[in-house]
Every structure is written in C-alpha cells, then in structure tokens.
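S.K.: Input: one structure, supplied below.
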C-alpha cells in the first residue's frame with residue numbers, strides 16, 4: 001500500500017467518524033466492562049501508588065457523600081446541559097463533556113469508592129462531586145472578602161453547583177481558553193449560570209484567596225500561580241497529585257484525602273475542617 005492509498009483510507013475513516021466510534025467504544029468498555037476497568041487501573045498503577053501514598057500519609061479519611069443528589073439532578077439536569085454543549089460545536093476537545101464521568105481513570109476510581117449510580121445525576125467530573133461534598137460542609141459565614149477559585153474552569157459548569165454554597169461575588173472561574181474558546185464559554189454561561197470566566201493573568205490579589213479548586217489538571221501546569229497567590233487551601237484530584245507529590249511540599253501539607261481527592265492546607269494553617277458547620 002502506497003502513501004496516497006493510505007491517505008485515502010485515513011480520509012474515509014475520518015469521514016465515517018472512525019475516531020469518534022473508536023473513542024466511544026473505549027468509553028463504553030470503561031463504563032460497563034469490569035475487566036477493562038481493572039486493566040486500566042493496573043496499567044496506570046493507581047492502586048499500588050495509592051497504597052504506598054496512604055502508607056506514608058496518615059491523613060486518610062473516608063469521605064461519605066451526604067449531598068441531595070436528586071435535588072441537583074432536578075436543578076442542573078445533565079441531559080439539558082449536554083445538549084447546550086452539543087450545540088456549541090466544540091472543536092478542540094468535542095468529546096470531553098460527553099464523557100465527564102469516565103474521563104481518565106477518575107470515573108473508575110469513583111465507581112469503586114462510591115458506586116456507579118451517583119455520578120449520573122451530575123454534569124460534573126467525578127472528583128468534583130466529592131469536592132462539592134466538602135464545600136457543602138464549610139461555613140462560609142465565618143469568612144469575609146475571600147475568593148474561591150475554580151481553575152481551570154472550562155465551561156464553568158462547576159460554578160453553578162458551587163453557587164449553592166458560595167455567593168457569586170466570592171466565586172471566580174479561571175481558564176486559559178486553550179481547550180475551549182472564551183466565546184463558547186460565554187455562550188454556555190449566558191444559557192446557564194451567568195458567570196464570567198477570566199484568564200489566568202486577570203486573577204487579582206486584593207482579596208483573600210481562601211480555596212482553590214484544581215480539577216482535571218496536573219499541579220505542575222499552574223504551580224507558578226499557586227506559589228504566587230498562595231491560597232489557604234487547595235482542593236485537587238488525587239489522580240494528578242499522586243504523580244507530583246513533592247511540587248508543593250515547601251508551601252503545603254496534606255490536610256486529608258481519600259481515594260478520589262486530596263485537600264492541601266498552607267503550612268501552619270489549621271485544617272479546613274475548622275470551618276465545617278457544627
């Protein structure tokens with residue numbers, strides 16, 4: 001087969017949406033076929049790495065989900081939001097928001113920890129459901145003039161959930177618009193929650209940076225921003241931090257963690273649990 005023939009085959013493959021079919025087939029296996037899920041966990045070495053991490057760090061806590069899942073399902077219906085995203089015709093990463101629940105291996109780890117039915121009620125990545133649980137426990141009335149930053153915010157879908165517990169004026173979504181254009185983000189927000197998403201360079205220092213929520217992104221991508229703004233607490237997905245455990249050791253300690261998320265606190269800061277509702 002010569003090069004011209006190979007290029008023709010590739011064009012036909014793309015025309016009939018071969019990449020999408022292949023991608024969705026893998027997502028289907030990841031969601032419904034346990035041997036494939038176990039294979040992925042073993043391939044990524046998650047369970048062995050987590051075992052070693054847990055052995056070295058005594059701050060493990062089982063984080064139960066007490067959220068009213070039916071309430072969120074009725075207020076922010078995933079099917080309706082998926083349709084809004086579909087109409088945006090995203091070009092950079094068109095399949096991402098159609099597969100939030102199985103993105104990376106976080107969905108597999110979430111299922112093993114919490115079961116597979118809860119995530120279907122949210123238009124969120126699975127770790128963000130656990131982070132929302134922790135946010136729901138914080139008494140924000142104890143604070144004033146603070147920021148809670150969601151970075152990277154993407155479409156800003158998590159902001160709609162966070163707004164149940166945090167006033168809009170204290171919430172800020174940040175993105176560098178590399179995966180989703182600012183125009184598409186604004187179109188989504190006009191039809192949903194009405195937030196403005198700013199670029200990294202527009203972050204302001206004049207208010208207290210109380211919590212940063214870093215979802216679906218390695219710490220190394222925004223290490224300079226974290227060191228510059230020094231938020232009191234950083235909420236992250238464990239899948240990424242396990243690979244970069246030493247990057248913030250000079251500034252942060254582990255507050256607590258489970259199989260899905262890690263809460264970091266600035267050195268000499270009290271636990272975020274000091275702000276939990278009594």
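S.K.: Report for the range 33-275 the percent antiparallel among DSSP-assigned beta bridges with both residues inside it, nearest 5.
M.R.: Bridges in the range 33-275 that DSSP calls antiparallel: roughly 40 percent.
S.K.: For a Förster distance of 30 Å, can you work out the FRET efficiency between the beta-carbons of residue 223 and residue 74, rounded to the nearest 0.05?
M.R.: 0.15
S.K.: Within the range 99-132, name every residue whose backbone N is under 12 Å away from a label modeled 7 Å from Cα of residue 66 along the Cβ vector.
M.R.: none
S.K.: While we're here: Under the rule a/c < 1.5 gives rounded, and otherwise a/b versus b/c splits prolate from oblate, where does the range 194-259 land using the Cα gyration tensor?
M.R.: prolate
S.K.: While we're looking at this one, here's another question. Which ordering of 66, 113 is given by a fewest-first count of other beta-carbon atoms within 10 Å?
M.R.: Going from least to most buried by this count: 66, 113.
S.K.: Where does each of 39-46, 175-182 land if you order them by average Cβ count within 10 Å, highest first?
M.R.: For the peptides 39-46, 175-182, the packing ranking is 175-182, 39-46.
S.K.: Expected output is a single nm value to one decimal: the length gained when fully extending between residue 49 and residue 168, i.e. 0.36 nm times separation in residues minus the C-alpha distance. What is it?
M.R.: In short, 39.1 nm is gained.
S.K.: First check a/c for the range 33-275, with a ≥ b ≥ c the square roots of the eigenvalues of its C-alpha gyration tensor; if it is under 1.5, answer rounded, and if not, answer prolate when a/b is larger than b/c or oblate otherwise.
M.R.: Rounded.
Since every read-out is calculated from the coordinates, none of them should be taken as a lab result. What you are looking at is a predicted structure, and each value in this text was computed from that prediction instead of being measured. A quick note on method: Cβ atoms are made from the backbone with ideal geometry, for glycine too, and the neighbour counts reach across all protein chains shown.
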